[in-house]
Protein chains: 2
Amino acid sequence: MLDRLGDRWTVLVLVELSKGTRRFRELERAIPGISQRMLTLTTKRLCRDGLVERTVYPTIPPQTDYRLTPMGKSLADMVFALADWSRDHKDAVAAARSRWDREHA
Amino acid sequence: MLDRLGDRWTVLVLVELSKGTRRFRELERAIPGISQRMLTLTTKRLCRDGLVERTVYPTIPPQTDYRLTPMGKSLADMVFALADWSRDHKDAVAAARSRWDREHA
DNA sequence: CCGTATCCCTTAGGATACTG
DNA sequence: CAGTATCCTAAGGGATACGG
């Protein structure tokens, strides 16, 4: 499970879907740099794990909606907690790094 | 920052150090499967980020102690929160997966 | 014991092209 | 639009050998 949050794209999809239902193309545009392939793989994994739900409208052109399940929402909350931690300690980490880099020049 | 927790070895080292001060060899034994190379890289990154502190005793044979900084401890707490989430939802995820696998056979 | 330096192989994932 | 299929390369990380 922890390795799921290790995946960069997974986290970004989770965050984007936490804002509401999104279509495939909307996710793609909202997440700069993601390839079609990775978006497909990522959403598929999230669906398989029961974190995201998919609804397909067999219209022309086709439309697919993605949205977080309750479990997905709770995981997204963990992501936000991590993001908070990250923000709170960003400066301290940066300071530690520059100090390390100075001392190991 | 989030990608740090994506790294499997980083998480395991963090967890092990949360139990107390450890020497290089102790970490290696406590984390099955980690290579010397990855342990070195992982501890070095953690030190650079100010999450772990190193104390070297220039004895023969040499000895090096690793321990979490306060910031490292707080990150370890986040890891434990994730582990809790994981434990709480383990069954639900497993169920979702087997259902998915059944339906996509 | 505590690392560093190389080699080497696997795999993640981007680019591209094609379907319903 | 919403994917699937194929190719290809960059790099993460294991195995091994060596140094202080």
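Read the figures in this text as sums done on the coordinates, not as results from a lab. Bear in mind that the values here come from a model prediction, so they are computed numbers and not experimental data. Here the Cβ is made from the backbone with ideal geometry for all residues, glycine too, and neighbour counts use every protein chain on show.
Under a Cβ-only charge scheme (Lys and Arg +1, Asp and Glu -1), can you give me the dipole magnitude of chain A about the Cα centre, in debye to the nearest 20?
On the way: 19 positive and 14 negative charges, 66 e Å.
With only Lys, Arg, Asp and Glu charged at Cβ, the dipole is about 320 debye.
Give, as ranges by residue number, the residues of the range B:39-57 whose backbone N falls under 17 Å from the point 7 Å along Cα→Cβ of B:ARG67.
Zone members listed by number: B:47, B:50-57.
Once Lys and Arg get +1 and Asp and Glu get -1 on their Cβ, which of B:GLY72, B:LEU46, B:ILE60 lies farthest toward the positive end of the dipole of the range B:2-103?
B:ILE60
Distances from B:GLY20 to the same position in the other copies: list them in nm, one decimal, shortest first, using label points 7 Å from Cα along Cα→Cβ.
Shortest to longest, the spacings are 5.4 nm.
Using a label point 7 Å beyond Cα on the Cα-Cβ vector, give me the inter-copy distances for A:GLU53 in nanometres, one decimal, shortest first.
5.0
Any idea what the A:ARG99 label distances to the other copies are, label 7 Å down the Cα→Cβ vector, nm, shortest first?
Nearest to farthest, the other copies are at 5.0 nm.
So, counting K/R as plus one and D/E as minus one, what does the shell of residues with Cβ under 11 Å around B:LEU46 add up to? Don't skip to the end; give the middle numbers.
Values: positive: B:ARG4, B:LYS44, B:ARG45, B:ARG48, B:ARG54, B:ARG67; negative: B:ASP7, B:ASP49, B:GLU53.
For residues surrounding B:LEU46, the net value is +3.
Quick one: Cα centre-to-centre distance for the range A:29-57 and the range A:59-105, in angstrom?
Between the Cα centre of the range A:29-57 and that of the range A:59-105, the gap is 18 Å.
What is the P(r) of the protein assembly as shown, as percent of Cα-Cα pairs per 5 Å bin from 0?
1, 6, 13, 16, 16, 14, 11, 9, 6, 4, 2, 1, 0, 0, 0
Would you mind listing how long chain B runs along its three principal axes, going by Cα atoms, in whole Å with the largest first?
Sorted largest first, the three principal extents are 61, 26, 21 Å.
Note down the nm distance, to one decimal, between modelled labels 7 Å out along Cα→Cβ at A:SER74 and at A:LEU41.
Result for the modelled spin labels: 2.9 nm.
For peptide A:48-59, compute the average count of partner chain beta-carbon atoms within 10 Å of each residue's beta-carbon.
Details: counts 8, 7, 9, 4, 0, 0, 0, 0, 0, 0, 0, 0.
Mean shielding count: 2.
How far apart, in nanometres, would the label points at A:ARG97 and A:VAL56 be if each is projected 7 angstrom from Cα along the Cα-to-Cβ direction?
Result: 4.3 nm between the two label points.
Taking 20 Å as the cut-off for C-alpha to C-alpha distance, list the pairs among A:LYS44/B:LYS90; A:LYS90/B:LYS73; A:LYS90/B:LYS44; B:LYS19/B:LYS73; B:LYS44/B:LYS73; A:LYS90/B:LYS19 that go past it.
On the way: A:LYS44/B:LYS90 18 Å; A:LYS90/B:LYS73 15 Å; A:LYS90/B:LYS44 18 Å; B:LYS19/B:LYS73 10 Å; B:LYS44/B:LYS73 17 Å; A:LYS90/B:LYS19 25 Å.
Violating the 20 Å Cα-Cα cut-off are A:LYS90/B:LYS19.
If we count every other residue with Cβ under 12 angstrom of A:ALA96's Cβ, Lys/Arg +1 and Asp/Glu -1, where does the sum land? Could you put the intermediate results ahead of the total?
On the way: positive: A:LYS90, A:ARG97, A:ARG99, A:ARG102, B:ARG45, B:ARG48; negative: A:ASP91, A:ASP101, A:GLU103, B:ASP49, B:GLU53.
That sum, taken over residues with Cβ under 12 Å, equals +1.
Residue of A with Cβ nearest the axis relating A to B, plus distance in whole Å?
Residue plus distance in Å, as requested: A:GLY6, 1.
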